[in-house]
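Just so you know, all these numbers are worked out from the coordinates, no wet-lab data involved. Quick caveat: nothing in here was measured; it's all calculated off a predicted structure. Quick reminder, even Gly has a Cβ in these numbers, built from the backbone with ideal geometry, and neighbours come from all protein chains shown.
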């Protein structure tokens with residue numbers, strides 16, 4: 001196990017190197033940083049002064065080495081919108097994003113696990129058709145449309161939940177349902193297909209022939225082994241939820257990383273964008289590593305060589 005973790009961490013080095021390249025070139029592919037930061041009334045002298053201050057008059061490779069040196073110190077530059085270092089601003093938004101991601105994943109898990117199990121055990125029944133049809137519908141619904149519909153029903157018509165903001169449990173319900181519905185639909189279909197495959201294995205037939213209760217066969221022997229592909233989806237979706245919930249956070253004015261990225265892109269605050277992209281990429285790598293380690297817990301037959 002320890003050797004596998006060390007090997008995995010070493011494999012992340014070239015990945016992180018590519019990420020730093022992408023983050024560095026984000027500034028240059030979006031246009032001239034000096035023109036983005038200065039107003040239209042700025043003089044040529046102002047442009048020259050700012051260009052030298054930012055080090056943009058130097059060759060590209062020197063700029064990259066300086067960028068890497070600053071990055072190792074946690075310095076992604078200063079946000080000209082907030083006039084503060086970019087990384088602390090991004091990290092300040094992480095707790096809210098984690099909160100929303102965990103709530104959405106909890107909603108998805110509570111919905112998908114019982115529906116997926118019922119659909120697999122009642123294959124080709126009315127319940128199975130209803131669940132699979134609902135899963136397709138849930139996956140097809142755009143998150144922004146679902147969010148707006150929830151706002152119209154629960155906030156405007158019934159006035160039971162707040163429209164937007166952050167601070168109480170009620171503020172979390174609508175965005176969590178909006179995000180969790182699409183994930184629940186995907187997980188339900190995956191649990192169903194994975195469980196159907198497991199239920200056809202020889203050891204399941206052996207457990208049934210021994211006279212074990214059907215519920216024990218399903219939940220102890222079949223369901224646990226069917227969770228490996230589900231864990232993979234959960235790991236990928238969690239990292240996406242933390243940094244990729246741009247539309248939902250904007251609709252509900254949720255103060256997470258998604259809303260911060262939208263604002264930074266609109267104002268062309270590239271220091272914030274660079275820091276946010278780097279943090280999200282790092283979270284994706286960590287979540288994938290944790291998912292790999294969880295496989296061994298779910299299935300002892302998996303070996304890390």
Q.
To test your reading of the geometry: what angle, between 0 and 90 degrees and rounded to tens, separates the Cα axis of helix 44-54 from the longest principal axis of the chain?
A. 50 degrees
Q: Relative to the compact-globule scaling 2.2 N^0.38 Å, provide the ratio for the alpha-carbon radius of gyration of the chain.
A: 1.24
Q: For segment 191-249 and segment 80-130, write down the distance between their C-alpha centroids in whole Å.
A: 17 Å
**Q.** Using alpha-carbon coordinates, inclination of helix 2-29 to the longest axis of the chain, degrees
**A.** 40 degrees
**Q.** Debye intensity ratio in log₁₀ form over the Cα atoms of segment 67-158, taken at each q of 0.15, 0.16 Å⁻¹
**A.** -0.83, -0.87
Q. In degrees between 0 and 90, to the nearest 10, how far off the longest principal axis of the chain does helix 270-298 point, with axes built from Cα atoms?
A. 20 degrees
(Q) Between residue 169 and residue 46, what is the label-point separation in nm under the 7 Å Cα-to-beta-carbon projection? (A) 5.3 nm
